[in-house]
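Here is the structure we will look at, set down as structure tokens.
The values are calculated or read from the model by the stated rules, or taken from the named source; none is laboratory data. Quick caveat, the model's predicted, so the values are computed rather than measured. All Cβ positions, even for glycine, are placed from backbone atoms using ideal geometry, and neighbour counts span all protein chains on display. Just the protein is used for accessible areas: all its heavy atoms, side chains included, with ligands, DNA and RNA removed. Shrake-Rupley method; radii C 1.70, N 1.55, O 1.52, S 1.80 Å.
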Amino acid sequence: MSGERRHPKQGEAVHAGIPEHGRVPLYFAVRSRLLDLIQTLGEGSALPSERDLADLFDVSRLAVRQAVGELVLEGRLTRRQGVGTFVAPPKLVRPMTLSNVGFEPTRGLVTLEHLPAANPLAAELGVRVGAMIVHIERVVSTSGDRIGLESTYLAAERFPGLTDRFDPAESLHAHLREVFDVTVADAEERVETILATPREAQLIGVSQALPMLLLNRLTRDADGRPIDRARSLFRGDRFSIIATLRE
């Protein structure tokens, strides 16, 4: 198999991960060829079998298996048990804005309950330790696929009757605006990568080995009062985050 360099596509590193000495692991060279094949096949197309790819690239099936596994982990390919491997759809882009998540999600309720606040959550919501808070946990889906899990915490005293009147399938912030006249003015969000817990992986329907994007957000109103604290976990193979920076 040749080790020729590929011209980088938009968003790729200029040298596509190839070190200056030009020597790369065999699986990585296979990966580069697979990316070209994925581009040619298009979204939803079936990938040739492992054996056919090994013959096509004149490499071992082990090298093909490792390259395919890496692209599955990155979300470029998707495996369907007992069916085969397919070209995955583009990742969902989530703009870092206050008003939306960049796609049209549906939400399914997992938990709606009252809990006593402990630190640091009590401090973040501006309530005393032991005060009651509302916890709303929902599975996030799009196009029928589960892609994430959201847990949102609010001060029960500030939003009386929320658990009785709120429809978990709808936007929480829209409900707070319409019913309580509370509008989000700003938010602080931290993004990191983690692995899901066994419970989270089961709810989202993914392997615990799949990297996840964790977003922790604290929203405030125009007076600087905390509105809610949200913990959102999204599949790393289905999401990317975009932010606009200005001076």
(message) Quick test for you: out of Leu218, Leu210, Leu195, pick the one residue that is more than 20 Å from Gly144 (Cβ to Cβ) and open to solvent by less than 30 Å² (accessible area, probe 1.4 Å).
(response) Leu218
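Test Thr183 against the criterion of being open to solvent by 40 Å² or more (accessible area, probe 1.4 Å), at negative phi, outside any strand (DSSP E or B) and not basic (Lys, Arg), and give yes or no.
yes
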(message) For the structure I just gave you, tell me whether Arg177 is surrounded by 11 or more Cβ atoms within 10 Å (Cβ to Cβ) and touching a helix residue (DSSP H, G or I) at 6+ places or on another chain (Cβ under 7 Å).
(response) no
(request) Spot the failing condition for Thr163; the list is (1) under 17 Å from Arg231 (Cα atoms); (2) assigned to a helix (DSSP H, G or I); (3) in contact with a strand residue (DSSP E or B) (Cβ under 7 Å, 6 or more places away or on another chain), and only one is missed. (result) (1)
(message) Looking at segment 149-160 only, could you name the residues that are assigned to a loop (DSSP other than H, G, I, E, B) and open to solvent by 30 Å² or more (accessible area, probe 1.4 Å)?
(response) Glu157, Arg158, Pro160
(request) Keeping to segment 198-207, report how many residues are part of a loop (DSSP other than H, G, I, E, B) and surrounded by 12 or more Cβ atoms within 10 Å (Cβ to Cβ). (result) 2
(request) Kindly list the number of the only condition in (1) among the aromatic types (Phe, Trp, Tyr); (2) at pLDDT below 90; (3) within 25 Å of Leu213 (Cβ to Cβ) that fails for Tyr27. (result) (3)
(request) Check off (1) open to solvent by 50 Å² or more (accessible area, probe 1.4 Å); (2) in contact with a Pro (Cβ under 8 Å, 6 or more places away or on another chain); (3) not β-branched (Val, Ile, Thr) for Ala131 and give me the number that stays unchecked. (result) (1)
(request) Identify the residue in segment 227-241 that is touching a helix residue (DSSP H, G or I) at 6+ places or on another chain (Cβ under 9 Å) and not in a strand (DSSP E or B) and, among all such residues, is farthest from Leu154 (Cα to Cα). (result) Asp237
(request) Working only within segment 110-136, note down all residues that are β-branched (Val, Ile, Thr) and either modelled with pLDDT under 95 or part of a strand (DSSP E or B) (or both). (result) Val110, Thr111, Ile133, Val134, Ile136
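Mind counting the residues in segment 157-174 that are touching a helix residue (DSSP H, G or I) at 6+ places or on another chain (Cβ under 7 Å) and not aromatic (Phe, Trp, Tyr)? Quick ask: steps written out before the conclusion?
First pass over segment 157-174, keeping only residues touching a helix residue (DSSP H, G or I) at 6+ places or on another chain (Cβ under 7 Å): 159, 165-166.
Pick out the ones that are also not aromatic (Phe, Trp, Tyr) and you get 165.
The qualifying residues number 1.
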